[in-house]
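Just below is one structure, and these are the notes that go with it.
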Amino acid sequence: MKSGLFNLPGKKTVQQPNIDLEIVVVDVAEHEIEKPQKKQRNYYSGKQGYHTLKSQVLADQKTGMIICTAHGKGRIHDFNLWKNSQIGIDKSIECLADKGHQGLQKHHENSRIPYKKRKSKN
């Protein structure tokens with residue numbers, strides 16, 4: 001571990017304009033954990049139906065190399081995890097994200113997320 005072979009580049013990598021990154025991809029995964037003894041509500045994911053931890057991964061689309069990670073409790077929304085991680089991506093780098101990151105365009109103009117389906121009024 002001390003050799004430095006297992007270190008990630010870090011958040012500062014995507015803040016620099018003169019690097020080889022063109023497109024970065026952001027995704028969040030949930031990992032099931034044992035039911036905590038205290039403050040269970042913070043870890044309970046209603047979507048999954050069990051207690052979880054969330055892991056956010058920022059990766060280079062071309063190489064697949066992981067740039068940085070962030071972690072949070074299961075109850076937190078994907079976009080809130082993004083804001084709390086304070087990743088400042090340079091304007092020249094395009095960011096691809098999923099529907100869980102609605103509102104990302106307000107923080108990073110050069111980002112793309114899929115359109116959300118409209119709720120039908122029946």
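Bear in mind these aren't lab numbers, they're just calculated from the coordinates by the rules spelled out. No experiment lies behind these values; they were computed from the predicted model shown. Counting neighbours? That spans all protein chains shown, and the Cβs are built from the backbone with ideal geometry, glycine included.
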Mind checking region 62-122 for trypsin sites (Lys or Arg not before Pro) that DSSP puts in a loop (not H, G, I, E or B) and that have at most 15 other Cβ atoms within 10 Å? 62, 91, 116, 117, 118, 119, 121
Taking K and R as +1 and D and E as -1, what net charge do the other residues with C-beta under 15 Å from the C-beta of residue 95 add up to? -1
Hey, rough spin-label estimate for residue 62 and residue 33, points 7 angstrom out along Cα→Cβ, what's it come to in nanometres? 3.7
Rounded, prolate or oblate (a/c below 1.5 giving rounded, otherwise prolate when a/b exceeds b/c) for region 11-100 by Cα gyration tensor: prolate
Which chymotrypsin sites (Phe, Trp or Tyr not before Pro) in region 1-109 sit in a loop by DSSP (not H, G, I, E or B) and have at most 16 other Cβ atoms within 10 Å of their own Cβ? 6
Scalar couplings 3J(HN,Hα) for region 23-36 by Karplus 6.51 cos²θ - 1.76 cosθ + 1.60 (θ = phi - 60°), nearest whole Hz, x for Gly and Pro, are 10, 10, 10, 10, 8, 10, 10, 9, 10, 5, 10, 5, 5, x
